[in-house]
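Trainee: Sharing a structure below in structure tokens format, with a few things to ask.
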Amino acid sequence: MLLKIEGYDDALLGIVNNNGEQVYMYDYDLLKQMVMKRKNMSKENARLYLEKNVLDVFVGDGGPRFMIKT
């Protein structure tokens, strides 16, 4: 089952195969920018928000993956 982050389709890159399971792939940097704008947060607060409310929540089977550009 694909788990989607509602309201953040603009950060959705597509569907990828993760160990034989299809999952959504998100652009982490764009996701963070969207949180900063929508919630009027600093970069650091947006990072903490994503860790607590997205990364920690979508763990396990079907959970989305996040591309971090370096």
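Trainee: Can you tell me the alpha carbon radius of gyration of the chain divided by the globular rule-of-thumb value 2.2 N^0.38 Å?
Mentor: Dividing the Cα radius of gyration by 2.2 N^0.38 Å gives 1.08.
Trainee: Right, something else. Residue separation times 0.36 nm, minus the C-alpha to C-alpha distance between ARG65 and LYS52: what's the value?
Mentor: 3.2 nm
Trainee: Give me the one-decimal nm value for the distance between modelled label points at LYS39 and ASN17, 7 Å along each residue's Cα-to-Cβ direction.
Mentor: Simple spin-label model gives 3.5 nm for this pair.
Trainee: Explain nothing, just the number: dipole magnitude of the chain about its Cα centre with +1 on each Lys and Arg Cβ and -1 on each Asp and Glu Cβ, in debye rounded to the nearest 20.
Mentor: 320 debye
Trainee: Something else: Hey, what's the chain come to in accessible area per residue, 1.4 Å probe, Å²?
Mentor: I get 68 Å² per residue for this part.
Trainee: Something else: Report in % the part of the accessible area of the chain that belongs to carbon and sulfur, leaving out ligands and nucleic acids; probe 1.4 Å.
Mentor: Exposed carbon and sulfur together represent 49 percent of the surface.
Trainee: Quick one: ranking GLU44, GLU6 by accessible area, 1.4 Å probe, largest first, what do you get?
Mentor: So, going from the largest accessible area down, we get GLU6, GLU44.
The values are calculated or read from the model by the stated rules, or taken from the named source; none is laboratory data. Since we're looking at a predicted model, the values are computed, not measured. Methodologically, a virtual Cβ is constructed for each residue, glycine included, from the backbone with ideal geometry; neighbour enumeration extends over all protein chains shown. Just the protein is used for accessible areas: all its heavy atoms, side chains included, with ligands, DNA and RNA removed. Shrake-Rupley method; radii C 1.70, N 1.55, O 1.52, S 1.80 Å.
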